[in-house]
Structures are given as C-alpha cells and as structure tokens.
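In what follows, a structure is listed as structure tokens, so that the remarks can point back to it.
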Amino acid sequence: HSLTIAPTKVQPGDAIIVSGDLGRHGMAIMAVREGLQFESTIESDSASVRNPVRALLKAGIAVRCLRDLTRGGLASALNEIAAAAGVKIAIEQKAVPVREDVHAACEMLGLDPLHVANEGRFVAFVAGPDAGRAVEILRHHEVSAQAAVIGNVAASTGPLVTIKSPIGASRILDM
C-alpha cells in the first residue's frame with residue numbers, strides 16, 4: 001500500500017509530537033560562536049532519527065507529516081505545515097521539552113527556544129488516537145527518549161499557530 005507523509009495530509013484531530021528537547025544544538029553552536037560559558041556544557045543533540053521514524057511506520061502509526069527541526073526550529077516548521085494544510089495548530093508551551101540550561105541560555109541571548117535550530121529532532125503529526133502509542137514507541141529510542149505530545153490540529157479558516165503559556169494565555173506563534 002502507498003504511504004504519503006506530507007503537510008497536506010495533516011488534518012483536524014491530529015496530535016503533534018516532538019521527538020525530544022529543543023534548542024540544544026543551536027545553543028551549543030551559539031555558545032561556541034559567542035564564547036559564552038555556562039555552568040553546564042550544552043552539547044549538540046545531533047543524531048540520526050532513522051530508527052525511531054522507522055519504528056513508528058513499522059508499528060502502523062498513522063503518521064501524517066514529519067519535519068526535521070533543523071532550520072528555523074519548531075516555530076517555522078509548525079507555521080509552514082499549518083499553511084500547507086490550511087489548519088490551525090495549537091501547542092502548549094509547558095508541554096514542549098526544553099532543558100533548563102538551554103532555556104536560561106536562550107533567555108540570556110534574547111532568543112526563543114522554539115525558533116532555535118535543532119539536530120536530531122523532528123515533529124510528527126499523527127492521528128489523534130495513535131498519539132499515546134507513538135510517544136511510547138519513540139521513547140524506546142535514545143534519540144527520542146523525551147518525546148512528548150505538545151498540541152493538536154484543529155480546523156481553521158486560515159493557517160495559524162498558537163501557543164498557550166504556562167499561565168493559560170494564548171498568543172500567535174509566528175515564524
């Protein structure tokens with residue numbers, strides 16, 4: 001049977017999963033480039049995502065779209081996918097895994113971890129009912145051991161990505 005994984009396959013009801021903590025690669029590069037010293041060393045998250053992706057497909061998870069988070073980080077990927085699919089994407093900030101040291105480094109430099117480059121990280125859009133099983137499968141692989149559902153897809157009159165803050169306020173997350 002044919003399998004098409006593309007932004008145009010994303011639909012309302014889909015769950016959005018990130019494969020692990022965000023921003024480490026970009027902040028590791030920035031720290032070296034800017035000569036910054038942090039209490040802990042931020043190391044790149046560069047790794048192959050082949051095995052966890054293959055495991056999702058092999059398990060029959062209804063994967064609608066996959067996107068690596070190298071350029072432009074999570075925010076860019078979500079906006080591009082929302083535009084291509086014509087859907088609204090809503091994520092929860094507190095559900096997005098970001099290490100404390102990475103968060104602190106981003107704050108120091110005035111950066112948003114959702115816009116920072118990643119290596120060895122991807123976002124997956126899967127059918128809502130498959131979300132729990134998909135996260136379980138991903139967590140069996142070292143590279144995606146911190147996989148988490150961060151939001152979902154809703155019908156929309158226009159492409160839009162929103163993020164709900166820890167205090168419950170929603171705002172538009174742009175490119």
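For the chain, with all protein chains in place and a probe radius of 1.4 Å, 50% of the accessible heavy-atom surface sits on carbon or sulfur. Largest GNM mean-square fluctuation across Arg50, Arg139, Arg64, computed for the chain with C-alpha springs under 10 Å, falls on Arg50. Taken about its Cα centre, the stretch 98-175 carries a charge dipole of roughly 260 debye when the Cβ of each Lys and Arg holds +1 and the Cβ of each Asp and Glu holds -1.
In the full protein context, the chain carries 51 Å² of accessible surface per residue, based on a 1.4 Å probe and ignoring ligands, DNA and RNA. Spacing of the modelled spin labels on Ile172 and Glu136, each 7 Å from Cα toward Cβ, amounts to 4.0 nm. Label the stretch 79-175 by shape, choosing from rounded, prolate and oblate, from the square roots a ≥ b ≥ c of the eigenvalues of the Cα gyration tensor; if a/c is under 1.5 it is rounded, and otherwise prolate applies when a/b is larger than b/c, oblate when it is not. Here the stretch 79-175 falls in the oblate category. The H on the amide N of Leu173, modeled in the peptide plane, is under 5 Å from the matching H of Val161, Thr162, Ile163, each at least 5 residues off or on a different chain. Volume of the convex hull of the chain (Cα atoms only), normalised per residue: 113 Å³. The magnitude of the dipole of the chain, with charges of +1 and -1 set on the Cβ of Lys/Arg and Asp/Glu and taken from the Cα centre, is near 680 debye.
The values are calculated or read from the model by the stated rules, or taken from the named source; none is laboratory data. Note that the structure is a prediction, hence the values are computed from the model and not measured. As a convention, Cβ positions derive from the backbone with ideal geometry for all residues, glycine included, and neighbour counts pool all protein chains shown. Note: accessible area is taken over every heavy atom of the protein model, side chains too, but ligands, DNA and RNA are not part of it. Shrake-Rupley method; radii C 1.70, N 1.55, O 1.52, S 1.80 Å.
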